[in-house]
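Take this structure, written in structure tokens, and hold onto it; I'll ask about it next.
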Amino acid sequence: MIIRLYFNHEAFYKETFGNEAFLTDIMGMVDGAISVPAIMKAIIKLRGKGTDNLKVELAKTVTVGGKTFRKGTLVDTIINVPKGTYLPLGAC
């Protein structure tokens, strides 16, 4: 089962300063449901194929807007990973 989480694509990619508060406080990148290790695992699973919508397994159960998403659920992130790389677009 794949759950699609919608973000404002333009805001996601154009934000350049102060986004560390967004990534840590809102998305919980350090210890949240969409973790850095979960993102890296999803990128490795691509085996260099690339994608414009990285699907990541939730690292833990989380409730968003009153709806609970269980650990292991695949979520669409709209994170771009170019073909032949093992880093998200804009990571360097």
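From the residues in segment 36-62 that are closer than 20 Å to PRO82 by Cα and in a loop (DSSP other than H, G, I, E, B), which one is nearest to the chain's Cα centre (by Cα)? Walk me through it before giving the result.
Going through segment 36-62, the residues closer than 20 Å to PRO82 by Cα turn out to be 36-57.
Adding the requirement that they be in a loop (DSSP other than H, G, I, E, B) leaves 47-50, 52-54.
Values: ARG47: 17, GLY48: 17, LYS49: 17, GLY50: 14, ASP52: 11, ASN53: 9, LEU54: 7 Å.
The extreme case among them is LEU54.
Then there is this: Restricting to segment 46-60, what's the tally of residues that are out of contact with any Pro (no Cβ under 8 Å at 6 or more places or on another chain), closer than 15 Å to THR73 by Cα and of a type in the set (A, V, I, L, M, F, W, C)?
Qualifying residue count for the region: 2.
Could you look through segment 63-88, keep only residues that are part of a strand (DSSP E or B) and not aromatic (Phe, Trp, Tyr), and pick out the one that is farthest from SER35 (Cα to Cα)?
LYS67
Here's another thing I want to ask about it. Suppose we keep only residues that are of a type in the set (D, E, K, R) and at pLDDT below 90 within segment 35-75. Which one would you say is surrounded by the fewest Cβ atoms within 10 Å (Cβ to Cβ)? First the steps, then the outcome.
Just the residues of segment 35-75 that are of a type in the set (D, E, K, R), to begin with: 41, 45, 47, 49, 52, 55, 57, 60, 67, 70-71.
Narrowing further to those that are at pLDDT below 90: 60, 67.
Details: LYS60: 15, LYS67: 8.
It comes out as LYS67.
In addition: Filtering segment 63-87 down to residues that are closer than 19 Å to MET40 by Cβ and charged (D, E, K, R), which residue is nearest to the chain's Cα centre (by Cα)? Walk me through it before giving the result.
Taking segment 63-87 and keeping what is closer than 19 Å to MET40 by Cβ, we get 71-87.
After this cut, where a residue has to be charged (D, E, K, R) as well, the list is 71, 76, 83.
Details: LYS71: 14, ASP76: 7, LYS83: 17 Å.
It comes out as ASP76.
Here is a further query. Of everything in segment 62-92, what is in contact with a Gly (Cβ under 8 Å, 6 or more places away or on another chain) and of a type in the set (Lys, Arg)? Give them in sequence order.
LYS83
The values are calculated or read from the model by the stated rules, or taken from the named source; none is laboratory data. Keep in mind that what you see is a predicted model, and the values were worked out from it rather than measured. Glycine gets a Cβ as well: all are built from the backbone with ideal geometry, and neighbour counts include every protein chain shown.
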